[in-house]
Structure formats: structure tokens, C-alpha cells
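The next block holds one structure in the form of C-alpha cells; read it before the comments.
The values are calculated or read from the model by the stated rules, or taken from the named source; none is laboratory data. Note that the structure is predicted; figures quoted are calculated from it, not measured. Please note: Cβ atoms are built from the backbone with ideal geometry, for glycine as well, and neighbour counts cover all protein chains shown. Ligands, DNA and RNA are stripped out before the accessible areas are found, and what is left, the full protein with its side chains, is counted by its heavy atoms. Shrake-Rupley method; radii C 1.70, N 1.55, O 1.52, S 1.80 Å.
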Amino acid sequence: QVQLVESGGGLVQAGGSLRLSCAASGNNLSIISMGWYRQAPGKQRELVAVISRGGIMNYADSVKGRFTISSDNAKNTVYLQMNSLKPEDTSVYFCNADVNSLTGRSNYWGQGTQVTVSS
């Protein structure tokens, strides 16, 4: 079992920045990748960014050049630096972890953290 705890969400004006953090905890963790997804009201959950244990990163087109994902493998923590925020970035952001464990490969989600960008 893996628990994901997110922090860093909040209210910011357009053009501002926020930094999200997500720490994974549990025994015998072997994380394949960690990422951030977001889901706005009435919309499907979408991938924002993902980073593999080896440091390979992928971003949604809508956030390229503005958001940066990074990780600290020793701490099993992933970060999302969000710059030049736009009102359309307003969403609940969810941390995700793709994990190998004794029981096999599993996917875990955080509880979500609200990001609100005002114009």
C-alpha cells in the first residue's frame, strides 16, 4: 500500500506561480513513475506532467514551457513548479504514482489539491 500526500495548492493571480509537492510513503516502494493530473469541474481528468524514475519527463501541450516537473527519488517525492499560471489552469490537481511492489504493479492517487488562478 502506498499513500500520497500533496501540498502547495492555493489561490494565485494570473501570471503567478505555485509549487506543488507530493510525497509517497509506504514499505518496499519501487516507483516506476510519478505524475500530476488535473480535473476541472465538468471535465475529464487529464495528464499534466509525468516523470519516470530515470528522469524522463512528459508534459501536456497546454503546460509546456510553463510547468516543470521534478523529483527527489531518495524522498519518493515529486514536484510541480507552475509558472505563468492562467485561469484555465484552475483545477484540482492529483498526484499519481505507478508503483511496483511485492504484489505487482499498482497505481495510486493522492486526495487532490485545489489550484485556483484568478484573472
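Tabulated values for the structure
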{"quantity": "Residue under evaluation residue 101, criteria (1) at pLDDT 95 or above; (2) at negative phi; (3) of a type in the set (S, T, N, Q), criterion not met", "calculated": "(1)"}
{"quantity": "From 39, 81, 13, residue being over 30 Å from residue 103 (Cβ atoms), among the polar types (S, T, N, Q), within 13 Å of the chain's Cα centre (by Cα) and open to solvent by 30 Å² or more (accessible area, probe 1.4 Å)", "calculated": "81"}
{"quantity": "Test: residue in segment 43-56 that is buried (at least 21 other Cβ atoms within 10 Å of the Cβ) and under 18 Å from residue 118 (Cα atoms)", "calculated": "no"}
{"quantity": "So residue 13, is it in contact with a strand residue (DSSP E or B) (Cβ under 7 Å, 6 or more places away or on another chain), polar (S, T, N, Q) and modelled with pLDDT of 95 or more", "calculated": "yes"}
{"quantity": "Subset of segment 71-102 (residues that are part of a strand (DSSP E or B) and under 13 Å from residue 47 (Cα atoms))", "calculated": "80, 91, 92, 93, 94, 95, 96, 97"}
{"quantity": "Qualifying residues in segment 103-119 (those that are in contact (Cβ under 8 Å) with a residue 24 or more places away in the chain and part of a loop (DSSP other than H, G, I, E, B)) - the one most open to solvent (accessible area, probe 1.4 Å)", "calculated": "119"}
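Okay, residues lined up against (1) more than 12 Å from the chain's Cα centre (by Cα); (2) assigned to a strand (DSSP E or B):
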| site | (1), (2) |
| --- | --- |
| 6 | no, yes |
| 23 | no, yes |
| 28 | yes, no |
| 32 | yes, yes |
| 48 | no, yes |
| 51 | no, yes |
| 69 | no, yes |
